[in-house]
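These notes concern the structure reproduced below.
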Amino acid sequence: MKHADQLFLGLMSGTSMDGIDAAVLRFVDRRCDVVAAACIPYPDSVRHSLIAVRQDPGICTIDMLGKLDHEVGKCFADAADDVLSKNRIATEKIMAIGSHGQTLRHQPDSKPPFTLQIGDPSIIAARTGITVVADFRRGDMAVGGQGAPLAPAFHYWLFGHDNDNRVVLNIGGIANITALPASGPVTGFDTGPGNTLLDAWVRQHHNRDFDMDGSWASQGQASEKLLLALLQDPYFVESPPKSTGFEYFNLKWLERKIAESRVRPAKQDVQATLAELTCRSVAAAITLHAPGTTEVFVCGGGFYNRDLMRRLGQRLRGVNIKSTAAQGLDPDWVEAAAFAWLAKRRISGETGNLPSVTGASRPVSLGGIFTS
């Protein structure tokens, strides 16, 4: 098969646990073409189980873990089949599937460190008939890395520029940046909460999955006292490499900080404060660790939160903030594309991590290969 005809399929589900992003990609030179893409929701029963385990890991027995691993594997396989069949793409054209899986726990600083993604790749390979590359994060952790973020290598390949100091900002449940200086090493890390606290707070008080356009947050007034209490968390001043997740930034963390601050803001004011937390922590990270940045390319669901983007613009005056679509890749599919690209690297025997990002002792190939 000619190089230009090779297709790869990326599967990704993030901390929102609302569904699976499936994208079929063609990689040529330093260009990424989206051939087809879709977001396939989880069945309600699976999503509810995932959210329950996220909120209370203690309920997850070994039997429950095994069943969820199987069910999520089937969901990922169905997502792959769905995007291929609806776009009439033959499975024979797909060189490999890169499956990130569904993260249940990410504890890079525990003793010992570990990360756990479920979604049995053997099931995906068996049901689709396509070679699957999965379990990307543990290879980096095995050589001393954080196991995250892994997308910066892809960001550098696609968005790096010899003359411009750029940052790629992903605002998913957790926000992370990739600093792409015109000269010097690529760096990147999780800056802290992106949408995860905003989503959790609006879900608790309005039974909605997210705050559309940040409309509820825009009705509130951020509490400076609460915000300072949130920003005093040690994570924000910790030096990279670092990564985090909903295991750390969650409603229990927020409620503890509210109690410590001794303020009782209105519910919409808490939402406004959480929006400020995301934007200030992101802006502080860029200012400190990516000085001279002239362009920020945003991806992830947070890009569609108008209130969040407005606040970010106020914090990064003079910086050109735009969607990754300006560089030819829709912000919805950047992470799925990253894991399709990492699968391509693994199949080719190339390394996938950046030690300057994760803190690993050396570059390594990422992911195991599963065949039907």
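Quick notes
- The one condition in (1) modelled with pLDDT of 95 or more; (2) outside the structural domain of residue 97 (by TED's automatic domain parsing) that residue 129 fails to fulfil: (2)
- Strands (runs of 3 or more DSSP E) wholly inside the stretch 118-199 containing at least 3 residues that are within 17 Å of residue 285 (Cα to Cα): 166-171, 174-180, 187-193
- Among residues of the stretch 128-151, those that are in contact with a Lys or Arg (Cβ under 9 Å, 6 or more places away or on another chain) and under 30 Å from residue 90 (Cα atoms), counted: 3
- When restricted to residues that are more than 20 Å from residue 65 (Cβ to Cβ) and either touching a His at 6+ places or on another chain (Cβ under 9 Å) or among the polar types (S, T, N, Q) (or both), the stretch 28-52 contains 1.
- Candidate set from the stretch 8-31 (those that are of a type outside the set (S, T, N, Q) and either at pLDDT below 95 or in a loop (DSSP other than H, G, I, E, B) (or both)); member that is nearest to the chain's Cα centre (by Cα): 14
- Matching residues, the stretch 45-66, being surrounded by fewer than 14 Cβ atoms within 10 Å (Cβ to Cβ) and assigned to a loop (DSSP other than H, G, I, E, B): 56, 61
- Selected residue (only one of 317, 306, 345, 311 is outside the structural domain of residue 175 (by TED's automatic domain parsing) and among the charged types (D, E, K, R)): 345
- Selection within the stretch 80-107 - in contact with a helix residue (DSSP H, G or I) (Cβ under 9 Å, 6 or more places away or on another chain) and either in a helix (DSSP H, G or I) or loosely packed, with under 14 Cβ neighbours inside 10 Å (or both): 80, 81, 84, 90, 91, 93
- The numbered conditions (1) within 21 Å of the chain's Cα centre (by Cα); (2) on the phi < 0 side of the Ramachandran plot are all true for residue 44 except (1).
- Of all residues in the stretch 240-255, those that are within 20 Å of residue 357 (Cα to Cα) have Cβ atoms under 6 Å from Cβ atoms of residues that are part of a loop (DSSP other than H, G, I, E, B), 6 or more apart or on another chain, in 241/146; 241/359; 243/108; 243/146; 243/148.
- Flag for residue 34 being in a helix (DSSP H, G or I), in the same structural domain as residue 105 (by TED's automatic domain parsing) and at pLDDT 95 or above: no
- Positions within the stretch 37-67 being in contact with a Lys or Arg (Cβ under 8 Å, 6 or more places away or on another chain) and over 18 Å from residue 246 (Cα atoms), in sequence order: 38, 41
- Residues of the stretch 253-287 classified as at pLDDT below 95 and either outside the structural domain of residue 199 (by TED's automatic domain parsing) or among the basic types (Lys, Arg) (or both), total: 2
- Counting only helices (runs of 4 or more DSSP H) that fall entirely inside the stretch 291-372 and contain at least 1 residues that are crowded, with 16+ Cβ neighbours inside 10 Å and acidic (Asp, Glu), the qualifying elements are 306-315, 334-347.
- Among the residues of this structure, residue 283 counts as one that is without any contact (Cβ under 8 Å) to a residue 40 or more places away in the chain and out of contact with any Phe, Trp or Tyr (no Cβ under 7 Å at 6 or more places or on another chain).
- Against the list (1) over 24 Å from residue 366 (Cβ atoms); (2) not in a strand (DSSP E or B), the condition residue 73 fails is (1).
- Residue-level analysis places residue 5 among those that are at pLDDT below 95 and surrounded by fewer than 17 Cβ atoms within 10 Å (Cβ to Cβ).
- A single entry from 17, 12 fulfils the requirement of being over 15 Å from residue 98 (Cβ atoms) and surrounded by 15 or more Cβ atoms within 10 Å (Cβ to Cβ): 17.
The values are calculated or read from the model by the stated rules, or taken from the named source; none is laboratory data. From a predicted model like this one, the values you see are computed outputs, not experimental measurements. Cβ sites come from the backbone with ideal geometry, for glycine too, and all protein chains shown count toward neighbours.
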